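What follows is calculated from the coordinates using simple rules that are stated; it is not laboratory data. Quantities reported herein were computed from a predicted structural model and do not represent experimental measurements. Glycine gets a Cβ as well: all are built from the backbone with ideal geometry, and neighbour counts include every protein chain shown.
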Amino acid sequence: MNTSVAILGNGPLQHWAAIAAGDSEALQQLVQTLLGPRHPAWILLDAQSERLLGETRMAHPARQIDALFAGRLHGCLQLAEKTPLLHHDAAIGAHLGLALSLFLEARTQQLLNERFRLIAQIGALVATETDLDALLARAADLVHERLAYPNVDIPLYDADRDELVIRFRGGHYKASIQGEDRLPTAQGIMGSAVRERRTQRVNDIANDPRYACPPGVVPARAELAVPIMHGAEVLGVLNVESEHPFDDSDAQSLEIVAEYLGAAIMTARLQAQARQAAVMSERQRLARELHDNVTQLLSSINLIAQSLSSAWQRNPEEGQRRTGRLQELVGLSLVEMRALLRELGPTERNTPGTPAQSDNLLAREQLRRDGLAATIERLARLSAPEGLQLRIDFGGYLAQDPVLEETLLRIAQEAISNAIRHARARRLSIAARVDGGMVELIIGDDGRGIDSRHRHGLGLQHMRDRAAEAGGRLQLQEAQPHGTRVIARVPGRAAPHSESSS
């Protein structure tokens, strides 16, 4: 009778299906069946001499049985003694060869499936997780859980200090190392991955001088460090350690994961830059509102306050009138400040990155109630010193969209303030008209003109910005014999049922 058939006939055949499914317990039971009840200590190795089952290590085996199947070596069984066994070595080797071919093929397929699952999970994580820290922490856990690497690090690269910042860990490192570590890229296997911009695969780290074992951690056998890249820029490293050597499939699967992580890191950076840009834009807008509105009102308050004492001395009625104007300007200033403070509050409409809706009560309420011409005239008369001759001409103007009219009001407000505060004008004219689909606003004065120091000032820039935002442009012209003309031309957006304003 054939020896192999005899062994199979006496052995637990139900284990073969389990072995073919990658069940290590079934493989262990087969080994014990082949060796018999009184067998010596043993260790089962694969063809690369990596331990599969049995003793942790065997420095000097007394006996070795090769596991051969279909003319190929699949591993070997090492024994601590030369004790006679239940079956011949050739029969044991043949059965182990078949078992190992089935077992290792199943394990290879299982590992491949786990790699595909990991890549799919990382892809889903990158698509759904918006918090980069949470994403990287979860990615480290997934790499550990899916591929059973005992140690996982995902450090980010600090280009300013040329260091790797290690905060995200998986496996044993996560349990045993707390806080943040920094590793200069001039050191370590991970540092080499950054410097050389390529994967570092070291299957015997004990003999690699670059390896640095963290304090209090038992060193692993192998390390695989994959740079996380975006184009030619290094963003970090995906680093894993194992008790088994890494192969090409390990490197290729982690390189795909690293590509996903690189995309996630860049997306987070771009989002942070966009948020910062939105914050800066909002700050600039609020600064412009503060300058155009509150600052100008305060300037008018200051001018009236300076003349109030002399006005009372000359004529109490004049003093009373100026006091009334002063109170009105103070009230308007408070309204403007409250509006700006509301815009600074944590409301959804003021979230950075969303278009700000001006909450300017003065502009909105007066424009809605009185129209642009009356609002500008009231503003000019409130701001003007005694003796200023004011002329308003809106005969050719048609009411426009409220947002556009607020823009025109702010341009006029800045120009009026400049004429009164800087140019010391005695005559001021304000005109507006609609011509060929364009709205033209002209503010002229007979003052000292705008010197070179103020041509690039904040106020003029704000006027230019407002005109540009409305799709138009702002011009400055010198008036004869002296003075300045500010001309804003913007595309018209007529309000529904618009009527001529005067």
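Key figures for this structure:
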read-out	value
Residue order, fewest to most beta carbons within 10 Å, for His15, His95	His15, His95
Computed Rg/Rh of region 360-502, alpha carbon atoms with Kirkwood Rh	0.94
Potential lengthening between Arg182 and Asp158 on full extension [0.36 nm per residue; Cα-Cα distance subtracted]	7.7 nm
0 to 90° range, to nearest 10: angle between helix 132-147 axis and the chain longest Cα axis	10 degrees
On Cα atoms only, tilt of 402-421 relative to the major axis of the chain in degrees	60 degrees
Angle between the chain longest axis and helix 372-383 axis [Cα atoms, degrees, rounded to 10]	70 degrees
Within-14-Å neighbourhood charge of Val490 [Cβ basis; K, R +1; D, E -1]	0
For His144, net neighbour charge (Lys/Arg +1, Asp/Glu -1) across residues whose Cβ lies under 10 Å away	+1
Sorted by Cβ density within 10 Å, fewest first, the residues Thr33, Thr108	Thr108, Thr33
Rough spin-label spacing in nm, given labels placed 7 Å along Cα→Cβ, for Ala148 and Thr323	9.2 nm
Neighbour-count order for Tyr260, Tyr149, fewest beta carbons within 10 angstrom listed first	Tyr260, Tyr149
Calculated diffusion of region 101-211, Stokes-Einstein form, Kirkwood radius summed over Cα pairs, 20 °C and 1.002 mPa s, µm²/s	136 µm²/s
Computed magnitude of the charge dipole of region 129-246 (debye, nearest 20; Cβ of K, R +1, Cβ of D, E -1)	260 debye
Residue-count net charge about Pro219 - beta-carbon cut-off 12 Å; Lys, Arg +1, Asp, Glu -1	-4
